[in-house]
Amino acid sequence: MQPEQHRSADTEALEARLRALPLPPVPHDLESRLLGRIPSATPARKPWRAAWVGVAAAVVIVCLLVIVARISRDNRRPDVASGNITRHPNLSAGRDVDDVAVAPFRWPLDETSPMSAATPISAELLN
């Protein structure tokens, strides 16, 4: 508690010394210079900017809808009942792997573990 009292006494002493200092001189035209730098009025926003932003947003939305519509049209399921199925040319490139025989995956670890999965708990630990 003593350091806090010491700090407050130091702070009060410093405040008293600062208040005793003479005020700095103020230039006589300071107020007029400060008031002169304040802009008279803020420029009004132009309403056409908001309209252009709205038009641009609408164009972007229409473009995105066109892209989504084309993607969904390209991904439609073919009519299997009619037997009229054609593959998309981009999808045939990934089918070349079907002809190659792939070796089955082999884990890099031993198949059996040296420890059993369940070890009995001794009776003395249960008491």
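The values are calculated or read from the model by the stated rules, or taken from the named source; none is laboratory data. The shown structure was predicted, so the numbers you read here are calculated from the model rather than taken from an experiment. A quick note on method: Cβ atoms are made from the backbone with ideal geometry, for glycine too, and the neighbour counts reach across all protein chains shown.
Structure above, values below:
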quantity	calculated
Test: residue in region 80-90 that is loosely packed, with under 10 Cβ neighbours inside 10 Å, modelled with pLDDT under 70 and at positive phi	yes
Filter pass, D99 being in contact with a His (Cβ under 8 Å, 6 or more places away or on another chain) and modelled with pLDDT under 80	no
Residues being assigned to a loop (DSSP other than H, G, I, E, B) and at pLDDT below 85 - total across region 1-51	9
Condition broken by L64, with the remaining ones in (1) within 43 Å of the chain's Cα centre (by Cα); (2) loosely packed, with under 10 Cβ neighbours inside 10 Å; (3) at pLDDT 65 or above; (4) not in a loop (DSSP other than H, G, I, E, B) satisfied	(2)
